[in-house]
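Here is the structure we will look at, set down as structure tokens.
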Amino acid sequence: LVVVSRLVHVAHARYALGGDLTEATVTRHVWMLIAINGLDGAIWAGLAWAGLDSATVVGTALVMSVMAGVTANAMAVTCVVMPVFVAFATCALACLGLKLWLMPDPAYMAMALISTVYVATLTAQGRNGAKVATDAINLRFENLALIERLRIETDKAQAAHRKAEHANQAKTRFLAAA
């Protein structure tokens, strides 16, 4: 299922990048990414449902480590569009938390609570990452605007310089002829 999910991501990315991105289509793509990543979170959380029932302590640690790594990766990749990460994290955490809560050992309930704190921390970190990315994108556009203004002002200065040189040459010719 994870491989199918990755293929859906690739197909959607090719479709999105191949078309004309307008404000209306961007909104549609964001909703599509929210759906895809929510499903992706649920699929990854299926690992907990498949692996925790018969897992040893080491197996449980492995499942939880994989879930932590996958969720951290999802934050790093999707934090620029926070609703996409929130969809992934919510679905993954809901499925994982439910499984942990239903386990007979109270230690699993503690893991469910710790997982919630972990996802909350990742969400805060993702929000900061989104702000940094947005600021960098805005700075890039500001730089492009400044470069364009500099080009225009340089063109004006060069034109004024040429005009002054022509006037100086005309004055020199006039004085030489007088």
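The values are calculated or read from the model by the stated rules, or taken from the named source; none is laboratory data. Model, not experiment: these values are computed from the prediction. We place every Cβ from the backbone using ideal geometry, glycine too, and count neighbours over all the protein chains shown. Just so you know, the surface numbers come from the protein's heavy atoms only, side chains and all, with ligands and any DNA or RNA stripped out. Shrake-Rupley method; radii C 1.70, N 1.55, O 1.52, S 1.80 Å.
With 0.36 nm allotted per residue and the present C-alpha distance subtracted, the residue 117-residue 23 stretch has 30.4 nm of extension available.
Between residue 134 and residue 35, what is the FRET efficiency for a Förster distance of 30 Å, r being their Cβ-Cβ separation, to the nearest 0.05?
On the way: r = 23 Å, r/R0 = 0.77.
The computed FRET efficiency comes out at 0.85.
Under 37 °C and 0.692 mPa s, how fast does the chain diffuse according to Stokes-Einstein, given a Kirkwood radius computed over C-alpha pairs? Answer in µm²/s, whole number. Write out the running numbers ahead of the final one.
Numbers: Rh = 20.4 Å.
Result for D is 161 µm²/s.
Dividing the summed -39500 (n - 2.57) terms of all DSSP H runs of n ≥ 4 by the residue count of the chain sets its mean residue ellipticity at 222 nm at -33000 deg cm²/dmol.
Note on residue 157/residue 16: beta-carbon distance plugged into 1/(1 + (r/R0)^6) with R0 of 25 Å gives a FRET efficiency of 0.05. Spin-label model, residue 65/residue 102: points 7 Å from Cα along the beta carbon direction are separated by 2.6 nm.
Using a probe of 1.4 angstrom and keeping all protein chains present, the accessible surface of the chain works out to 66 square angstrom per residue. Accessible surface for residue 141 stands near 130 Å², nearest 10, in the context of the full protein assembly shown (1.4 Å probe). The range 64-103 and the range 30-50 have Cα centres spaced 8 Å apart. Rounded to whole numbers, the Karplus 3J(HN,Hα) couplings from phi for the range 97-105 are x, 4, 4, 5, 5, 7, 6, x, 7 Hz, using 6.51 cos²θ - 1.76 cosθ + 1.60 with θ = phi - 60°, and x at Gly and Pro.
Phi angles of the range 69-76 translate, via the Karplus equation with coefficients 6.51, -1.76, 1.60 and θ = phi - 60°, into HN-Hα couplings of x, 5, 5, 5, 5, 4, 5, 4 Hz per residue; Gly and Pro are given as x. The fraction of accessible area contributed by carbon and sulfur in the chain is 71 percent, rounded to a whole number (1.4 Å probe; ligands and nucleic acids excluded).
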